[in-house]
Amino acid sequence: MNRIMPLLAALFLGLFIFSTTFFTLDQRKYAVVFQFSEAVRVIKDPGFHFKIPLLQEVRYFDKRIQTIDEEAPARIQTIEKMNVKADSFIKYQIVDVEKYYKAVGVDEKKAVDRLRNTVNNMLRDEFGKRTVQDVISGQRDEVMNLVRKVADADAARIGVQVLDVRIKRVELEDSTLNSVYERMQSERKAVASQLRAEGSAAAEKIKADADKQREVILADAYNQAQQMKGEGDAKAAAIYAESYGKNPEFYAFYKSLDAYKQSFAKKSDVMVIDPSADFFKYMKNPRAGSGK
Amino acid sequence: MSQNDPQWGGGRNKGNNGGPPDLEDIFRSITDKFNRLVGGKGSPSNPSSMNGNGGSTGALVIAAGLFVLWVGSGVYVVDERENAVITRFGKYTKTVENAGLNWHLPYPIESREIVNVTELRSLEVGVRGAAAAGDESTMLTGDQNIIEVQLEVQYNLNSARDFLFNNRLTDKDGRDVVKQAAETAIREVVGKNKVDYVLNEGRGKIGEDTKEMIQELLTKYQTGISVSRVNISDVQPPEQVQAAFSDAVKARQDRARLINEGTAYANDVVPKASGMAARLNEEALGYRQQVVARAEGDASRFRQIAAEYAKAPQVTRDRMYLDTMQTVYQNTTKVMVDQKANGNLLYLPLDKLMQMNAQGESPAPAPAVKAAVEAPAPQPNETPAARNDRGQRDGR
C-alpha cells in the first residue's frame, strides 16, 4: 500500500500536467493559441497538440460551412417600384482564423450581422436595378453571383469566405398579390374562351365539310342515275322505233285503241255519246255495213 | 507539438495498415506503453504481476480489470446500413464501412461517430399555410403567375466523413441544409418556367431539374448528401384563382367535346349520303332495265300483232276497234245524247251520276249495271235511253 499511494499520486499529477500541456483539436475546428491574449499560433491541423501550460490558452473556432438563414424576408424594391419580399441564405466559412478573431472576436454574431448587412444591401442594390421578372427568372443567377462576389470580397477582410448567396424566395406583397390573381383569372378566362371558340370553329368546319361531302355525293349519284336512266330511255326508244317504224299507220291505230282503253277505264268516267257515231251505225240500221 | 502524434501512433500505424488482423499487435504495444508509463521504472509488466509483491497483487488485479474495461470501450458495432467515422485526437483517420464488430483505440485516443448512411431520409417542402412564413408552397413562375408546389425530397448520405465534418448542421439528419437547397432549387426552376408548363406537361421535367439542382448545391457545400429522389407531390394554382383555372381546363374538355360532336355529325351524315347515293344508283339501274325490258315487251307484242294484221288488215282492224270500244263502254258510264234530234240545252246531273257510280261499286247494283252494259249492241235503247230520259226530265 505504501508503494501504491505515491504511485497513484504521481499518476494523477502526471495526468494533470499532461492535460494542461496537450490538447486535441477536432476535425471540425481551428484552434488559436493565445499567450497573454496574444494569438501566437494558429492550428489548422486536427489532432494532438502541445501548448505551454498556464501561459497559453486555446480558443476554438468553427471550421465548417455555416449558414445564415434569414428568419424574416426582407422587403426590397425593384426597378418598377414594386415591393417584393426576398428570403435568402448565406453559406460561409472561416478561412483565416487570425483575421477573423481580430475582426470579430469570439462572438460570431458580429460576423453574422456584418455578412447579413452586406448581403442585404447588395440585394437591395441589385434588385433596384432590375425588374421582378429579371429577379425571378432571367437574372437570378447573375444577381446571386454578384452579391456573393461582393459579400465575399467584404468578408475576406474578416477572414471569412462566402461560399454562396442564394435567393430562396421572392414573393410579392399582399396588395400586389391580389392584382396578380386578378390578372391570372383574366388570362385563364381568355384561354378558356379561346379554347371554346376553337372547339366550335373546328366542329363547324367538320360539320360543313360533312355537309359538303353529302351534297357532292348526292349530286354525283344523281348525275350517274340520270345518265343511266337516259341510257335506258334511249335504248327503249330505239327498240320502239325499230319495231313500230315498220308500220307506223298501224301503230297509230293500235296505240290509239290502247290509249282509249287506258283512258276510259273507270265507272266515274262519264261519256256523253252521240248515237250518230260510227260505232252505233248498226244500232240504227243493221244493214248499214252492206251499203258501204 | 505535433511530433507527439507519430510518437504515439507511429509503431502502431506501421503495423495497423492491414486492419483488423493486427489488433493483437496494437494491443500488445499499447499494453507495453501503458505499463511503461504507469510503472514508471520500465519493469516488464507481465513478469512483475507474476512475481506478486504481496499487497500490490490486489491493486494490480484491479488495475488490470480497469485496463481491460478501458480497452473494451473501444469495441463497437457497425450496422449494415451504417458507417463509423473514426477520429484520433479529433483528427479524421478512417471511415469504417464493414458491418459487424469493430474495435478502435479507446478514449481518449480514438473516438467513433456512427452515421446511418443508407437510410432514406425524406422531407417535405411547401407545407401549405405553414404558420411561420406564410404560405411556404407559393412561388412565382417565370411569367409572374403564382402557383403552389409541394415536393418531397428523399436523400441519403454518400460520405459519412463529409456529412460529419464539413457543415454545421442543426440536426443530425441535415434536414436544414437539404431544405434550404430544395427551397431555392424548386423556386429557381419554377421561376424559369411558365405557369402552363409547370402545371401540365412540365411536372416530371421540373422534378428532375430540381433534383439536379439540389444535388449540385449539396455537392458544392460538400455535405456528403446524395439526393435520391424528388417528388413533385402537388402543383396547383392558388385557391383564389382555382375556379378560373379549372374553367380553363373545362374549356379544353369542351373543345374536345365540340370537335367530337362535329365528328359525330360528319360520321352520321357522310355514310348516310353514301347510302342514299347507292340507292339512287340502284334505282337508276332498275329503271334502265325496266324501261328496256318494257320496250322490248311492247315491241314484241306489237310486232306479233302487226304480223297478223298484215295478213288480214280490214278484219283485224275492225275487230280490234270493236273490242276496244266494247271494253271502253263496258267500263264507263255512258250518256247517249242525240244532238241532232235535240238541239236544246242539255242538263246532265254529273255529280249525281258520279255518286251513283261510287255506290255502284258496292256489290249489289253492280251485276245489274254490268248486265246492262254487257250487251250494248243488242239492246241499245234500254239503259242509256232510260238514263237519258231521266236526265232530260231532271233537266227540265
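A few points about this structure:
- Mean projection area, nm², convex hull over Cα of region A:228-292: 7.5
- Residues whose placed amide H lies under 5 Å from that of residue B:143, excluding near-sequence neighbours: B:195
- Area hidden from solvent between B and A (accessible, protein heavy atoms only, 1.4 Å, total, Å²): 10500
- For region A:1-75, the convex hull spanned by the alpha carbon atoms encloses 150 Å³ per residue.
- Distances between every pair of Cα atoms in region B:107-191, grouped in 10 Å steps from 0 to the bin holding the largest one, split as 15, 39, 26, 14, 5, 2 percent.
- Magnitude of the charge dipole, region A:66-172, Cβ model with Lys/Arg +1 and Asp/Glu -1, debye to 20: 180
- Residues whose amide H falls under 5 Å from that of residue B:228, counting only those 5 or more places apart or on a different chain, are B:154, B:155, B:156, with hydrogens built in the peptide plane.
- Extension gain for residue A:216-residue A:129 works out to 24.7 nm (0.36 nm per residue, less the C-alpha to C-alpha distance).
- Summarising the amide proton neighbourhood of residue B:337: residues at separation of 5 or more, or on other chains, whose placed amide H is nearer than 5 Å comprise A:273, A:274.
- Projected label distance in nm at residue A:40 and residue A:55, using a 7 Å step from Cα toward the beta-carbon: 0.5
- In order along region B:139-156, the phi-based Karplus estimate (6.51 cos²θ - 1.76 cosθ + 1.60, θ = phi - 60°) of 3J(HN,Hα) comes to 8, 9, 8, x, 9, 6, 9, 10, 9, 10, 10, 10, 9, 10, 10, 10, 8, 9 Hz; Gly and Pro are listed as x.
- Given charges at beta-carbon only (K, R positive; D, E negative), |dipole| of region A:183-246 in Debye: 440
- Virtual spin-label span in nm between residue B:112 and residue A:75, 7 Å along Cα→Cβ: 5.6
- A loss of 20 Å² or more of accessible area (1.4 Å probe, protein heavy atoms, ligands and nucleic acids excluded) relative to the isolated chain is seen in these residues of region B:178-216: B:180, B:183, B:184, B:187, B:188, B:191, B:192, B:196.
- Accessible surface, region A:183-246, averaged per residue in Å² (probe 1.4 Å): 60
- For the set A:44/A:99; A:266/B:334; A:235/B:311; A:261/B:334; A:63/B:91; A:85/A:110, the pairs lying more than 18 angstrom apart at their alpha carbons are A:235/B:311; A:85/A:110.
- Karplus-derived HN-Hα couplings along region B:61-78 (A = 6.51, B = -1.76, C = 1.60, θ = phi - 60°), whole Hz, x at Gly and Pro: 4, 4, 4, 5, x, 4, 4, 5, 4, 4, 5, x, 5, x, 7, 8, 10, 10
- Across peptide A:45-55, the average count of Cβ atoms from other chains found within 10 Å of a residue's Cβ is 5.
- Residue A:231 paired with residue B:256, simple spin-label distance in nm, labels 7 Å along Cα-to-beta-carbon: 5.0
- A Förster radius of 51 Å, combined with the Cβ-Cβ distance separating residue B:300 from residue A:201, puts the computed FRET efficiency at roughly 0.20.
- Eligible aspartates and glutamates near residue A:205 by straight Cα distance, threshold 14 Å, same-chain separation 8 or greater: B:261
- Residue mean of other protein chain beta carbons inside 10 Å, A:150-161: 0
- Relative protection proxy for A:170-179, A:60-69, B:155-164, from highest mean packing down: B:155-164, A:60-69, A:170-179 (other beta-carbon atoms within 10 angstrom).
- Region B:206-222-region A:222-262 distance, computed between alpha-carbon centres (Å): 95
- Paramagnetic label zone (point 7 Å from Cα along Cα-to-C-beta, residue B:240; backbone N under 18 Å) in region B:169-210: B:195
- Averaged over the residues of B:223-232, the number of partner chain Cβ atoms lying within 10 Å of the residue Cβ comes to 0.
The values are calculated or read from the model by the stated rules, or taken from the named source; none is laboratory data. All figures in this text were calculated on a predicted structure; none of them were measured in a lab. Cβ sites come from the backbone with ideal geometry, for glycine too, and all protein chains shown count toward neighbours. Ligands, DNA and RNA are stripped out before the accessible areas are found, and what is left, the full protein with its side chains, is counted by its heavy atoms. Shrake-Rupley method; radii C 1.70, N 1.55, O 1.52, S 1.80 Å.
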